[in-house]
Amino acid sequence: MWEALDALNPQWLSTATLIPMPPSKVKSDPMYDDRLIQMFQVLGAGLQLDVREMIAQRESTGAAHSTEVRPRVDELFDNYWIDDSLVNPPPRVIGVIDDVLTTWSHFKAVQRLLRDRFPAVKIYGIFVARRVPESVDIIGF
């Protein structure tokens with residue numbers, strides 16, 4: 001159904017734990033959006049993918065794409081937590097999935113959290129799209 005999964009090595013996919021980037025809202029927030037996890041569950045149907053919503057946020061935040069003030073990696077790291085009920089079996093390799101890569105800060109925070117928990121496990125980022133923020137015209141400054 002999804003040719004994009006064809007771009008990933010099937011042998012790697014069979015051993016990987018795929019962890020979606022948490023959305024900006026916590027699960028109890030009425031604006032919680034779980035489309036990313038739904039997409040991988042549907043697209044991976046029949047492939048027996050190991051998709052775990054292992055990372056969550058303590059508090060809702062503003063959507064990164066709708067603000068000019070980007071949170072720092074440390075701020076994001078402090079807001080993320082690992083759902084201990086989803087850590088077993090321990091991952092052998094991790095693919096962190098995100099819909100859009102903008103500044104790397106969310107990925108770096110999640111990567112750091114996962115590396116602290118699973119220091120020997122390789123962690124990869126899988127991004128559906130990349131946003132290139134508009135450059136600032138510095139002529140005249």
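Quick rundown of the values:
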{"item": "First in the stretch 12-24 and in a loop (DSSP other than H, G, I, E, B), second anywhere and modelled with pLDDT of 90 or more, Cβ under 6 Å, 6 or more apart", "result": "Pro22/Ile55; Pro22/Ala56; Pro22/Gln57"}
{"item": "Residue match in the stretch 58-65 (condition: over 19 Å from Val128 (Cα atoms), in contact with a Ser or Thr (Cβ under 7 Å, 6 or more places away or on another chain), surrounded by 12 or more Cβ atoms within 10 Å (Cβ to Cβ) and modelled with pLDDT of 85 or more)", "result": "yes"}
{"item": "First in the stretch 87-115 and within 13 Å of Arg70 (Cβ to Cβ), second anywhere and part of a strand (DSSP E or B) and modelled with pLDDT of 95 or more, Cβ under 7 Å, 6 or more apart", "result": "Ala109/Tyr80"}
{"item": "Test: residue in the stretch 80-87 that is assigned to a loop (DSSP other than H, G, I, E, B), at pLDDT 90 or above and not β-branched (Val, Ile, Thr)", "result": "yes"}
{"item": "Scope the stretch 89-132; condition at pLDDT below 65 and exposed (fewer than 10 other Cβ atoms within 10 Å of the Cβ); matching residues", "result": "Ala129, Arg130, Val132"}
{"item": "Any chance Gln38 is within 16 Å of the chain's Cα centre (by Cα), outside any loop (DSSP other than H, G, I, E, B) and modelled with pLDDT of 75 or more", "result": "yes"}
{"item": "Residues (more than 17 Å from Asp83 (Cβ to Cβ) and either surrounded by 15 or more Cβ atoms within 10 Å (Cβ to Cβ) or among the polar types (S, T, N, Q) (or both)) located in the stretch 22-42", "result": "Ser24, Gln38, Met39"}
{"item": "Failed condition for Leu5, given (1) hydrophobic (A, V, I, L, M, F, W, C); (2) assigned to a helix (DSSP H, G or I); (3) at pLDDT 90 or above", "result": "(3)"}
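The values are calculated or read from the model by the stated rules, or taken from the named source; none is laboratory data. What you are looking at is a predicted structure, and each value in this text was computed from that prediction instead of being measured. No Cβ is skipped: glycine too gets one built from the backbone with ideal geometry, and neighbour counts run over all protein chains shown.
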